[in-house]
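In what follows, a single structure is set out as structure tokens and then discussed.
The values are calculated or read from the model by the stated rules, or taken from the named source; none is laboratory data. The structure displayed is predicted, hence computed values, not measured ones. Note that each Cβ is placed from the backbone with ideal geometry, even for glycine, and that neighbours are counted across all protein chains shown. Accessible surface areas use protein heavy atoms only, side chains included; no ligands, DNA or RNA. Shrake-Rupley method; radii C 1.70, N 1.55, O 1.52, S 1.80 Å.
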Amino acid sequence: MKGKFGKIYPWIVVVLLWVVALLNYMDRQMLSTMRDAMQVDISELESAVNFGRLMAVFLWIYGCISPFAGAVADRISRKWLIIASLGVWSTVTLLMGRCTTFNQIYWLRAFMGVSEALYIPAALSLIADYFTGSSRSLAIGIHMTGLYLGQAVGGFGATLAARYSWQQTFFWFGVIGVAYAVVLALALRDRKRAASEEQAVPVQKESVLKSFAYIFSTIPFWVILFFFASSSLPGWATKNWLPTLFSDSLGIEMAKAGPISTITIAASSFVGVLLGGSLSDRWVRRNLKGRIYTSAIGLALMVPALVLIGVGQGMVCAIGAGVCFGVGYGMFDSNNMPILCQFVPARNRAAAYGIMNMTGVFAGAAVTKVLGGLADKGSLGLGFALMAGVTALALALQLFVLKPSTDNME
């Protein structure tokens with residue numbers, strides 16, 4: 001975008017997409033808190049198994065679609081893909097407010113998995129292309145805070161459902177998303193990926209299979225994939241099981257343990273992405289491994305935090321470990337795409353991040369199940385402590401294998 005907004009427009013893009021990120025996590029998270037209100041009208045939801053099916057179908061569809069969503073984002077206008085994704089999942093949210101049967105909710109939830117999977121690879125690829133210089137990690141980190149806040153806001157779905165109704169809650173949040181899609185259509189601009197900004201020389205697009213073959217033939221990508229998946233294990237574990245662990249280890253009610261765990265992790269992660277983004281952008285100016293070192297600091301903070309979360313005693317220890325984990329996770333989270341940009345060219349970045357997204361979701365599904373078994377045996381804390389070992393291995397591989405030659409591979 002030329003003119004007076006030329007220099008600041010990349011930050012306008014971050015702000016525009018921050019709202020989309022918030023809506024993305026908010027719309028998916030609301031259902032998890034609204035079971036009690038919905039089961040009054042849809043009796044099948046009285047069964048925990050059926051409710052679990054609703055949550056699982058989203059994750060499986062979301063994970064399977066993610067690599068292909070990234071490949072699509074590498075080949076068509078990311079602006080219109082983002083707008084279509086937002087418009088479709090917002091329409092799905094709206095329609096969920098008009099559902100009267102379990103099957104209607106189930107299939108809409110599955111369709112939401114498809115539409116939401118299209119967003120993250122396209123958005124992060126677009127931001128990375130706008131920020132080819134020294135502010136890439138900070139820009140992506142700011143965008144990621146939208147996901148954290150969206151998850152927190154989605155947790156108030158039950159509150160709104162109690163005050164109004166679950167139907168009205170879904171309906172009006174869907175309306176908000178559809179309206180914002182119109183705003184994006186007017187304000188968002190894609191970033192040309194042609195060989196020259198001035199000469200719109202079309203870039204030869206390789207086939208999807210060749211794109212995936214190139215990505216998987218890149219050894220650094222396997223390392224990035226491993227440390228992304230490894231960190232997804234405790235990431236999902238804290239989302240799904242930390243309230244239970246705090247409730248058991250601290251001897252407090254879930255009504256108190258839930259807010260303590262979620263607020264601690266969310267607030268400290270918010271600090272972590274801003275700290276990690278700023279530090280990485282400064283460090284990479286002096287050393288190409290600056291982004292890797294910043295991410296490694298985040299992983300290094302997570303290792304003792306997981307041990308303390310798992311075996312520590314007392315409220316101070318629990319909150320301190322939660323803060324340490326959140327800051328570390330935020331520093332790691334703000335640098336995943338920037339590190340990927342050092343090893344994967346722009347034409348393949350969305351597809352590569354889609355593969356990472358799929359792996360992270362499947363790792364999260366696996367660890368959620370494993371920790372459930374450990375919880376039944378009274379060994380949930382041990383499960384958290386053991387994840388520290390996997391994180392330490394990822395940290396070592398990251399430091400000793402990844403050797404970038406550029407900050408922005410073309």
task = Would you mind classifying the stretch 267-306 by shape? Square roots of the alpha carbon gyration tensor eigenvalues, ordered a ≥ b ≥ c; an a/c under 1.5 is rounded, otherwise it is prolate if a/b is larger than b/c and oblate if not.
result = oblate
inquiry  = Give me Rg/Rg_expected for the stretch 309-410, where Rg uses Cα atoms only and Rg_expected = 2.2 N^0.38 Å with N residues.
reply    = 1.33
query = What share of Cα pairs, in percent, lie more than 16 angstrom apart in the stretch 48-168?
reply = 69 percent
task = Taking only the C-alpha atoms, wrap a convex hull around the stretch 272-356 and report its volume per residue in Å³ as a whole number.
result = 92 Å³
remark   = Heavy-atom accessible area of the chain with neighbours in place, 1.4 angstrom probe: carbon+sulfur share in percent works out to 68 percent
inquiry  = In Å, what Kirkwood hydrodynamic radius results for the stretch 87-134 from the alpha-carbon pair distances?
reply    = 12.4 Å
message = Could you compute how fast the stretch 39-97 diffuses translationally, taking Rh as the Kirkwood radius over C-alpha pairs and applying Stokes-Einstein at 4 °C with viscosity 1.567 mPa s? Give it in µm² per second.
response = 95 µm²/s
query = Helix-derived [θ] at 222 nm for the chain: sum -39500 (n - 2.57) over DSSP H runs of at least 4, divide by residue count, nearest 500?
reply = -26500 deg cm²/dmol
request  = Starting with the highest mean, order 175-188, 230-243 by the number of other Cβ atoms within 10 Å, averaged over the residues of each peptide.
outcome  = 230-243, 175-188
task = Read through the labelled values [x] -0.35, -0.70, -1.37; [y] -0.35, -0.77, -1.32; [z] -0.23, -0.53, -1.49 and report the label of the one computed as log10 I(q)/I(0) by the Debye sum over Cα atoms at q = 0.06, 0.09, 0.15 Å⁻¹ from the structure.
result = [z]
ask   = Where the eigenvalues come from the Cα gyration tensor of the stretch 212-266, what are the semi-axes √(5λ) of the equivalent ellipsoid, largest first, in whole Å?
value = 36, 9, 7
key: Percent of alpha-carbon pairs separated by more than 18 Å within the stretch 234-328   = 45 percent
task = Please list the radius of gyration and Dmax for the stretch 115-196, considering alpha-carbon atoms only, with Å as the unit.
result = 16.5, 55
note = The answer for the chain, accessible area per residue at 1.4 Å probe in Å², is 41 Å²
note = Taking 391-400, 71-80, 336-345, 374-383 and ranking on average Cβ neighbours within 10 Å, highest first, one gets 336-345, 71-80, 391-400, 374-383
query = Can you list, bin by bin at 10 Å, the percent of alpha carbon pairs in the stretch 1-79, starting at 0?
reply = 14, 28, 28, 18, 9, 3
inquiry  = Going Cα to Cα from LYS377, which aspartates and glutamates come in below 13 Å? Please leave out same-chain ones fewer than 8 positions away.
reply    = ASP248
remark   = Of the listed links LYS7/LYS239; LYS79/LYS369; LYS256/LYS369; LYS7/LYS403, those spanning more than 26 angstrom between alpha carbons are LYS7/LYS239; LYS79/LYS369; LYS7/LYS403
note = In the chain, helical segments from DSSP H whose Cα atoms cover 24 Å or more along their own axis and that average at least 0.0 on the Kyte-Doolittle scale are 9-33, 48-73, 78-96, 136-154, 166-187, 219-250, 254-286, 290-311, 315-333, 349-376, 380-401
inquiry  = Can you classify the stretch 327-366 as rounded, prolate or oblate using the Cα gyration tensor, where a ≥ b ≥ c are the square roots of its eigenvalues, rounded means a/c under 1.5, and otherwise it's prolate if a/b beats b/c and oblate if not?
reply    = oblate
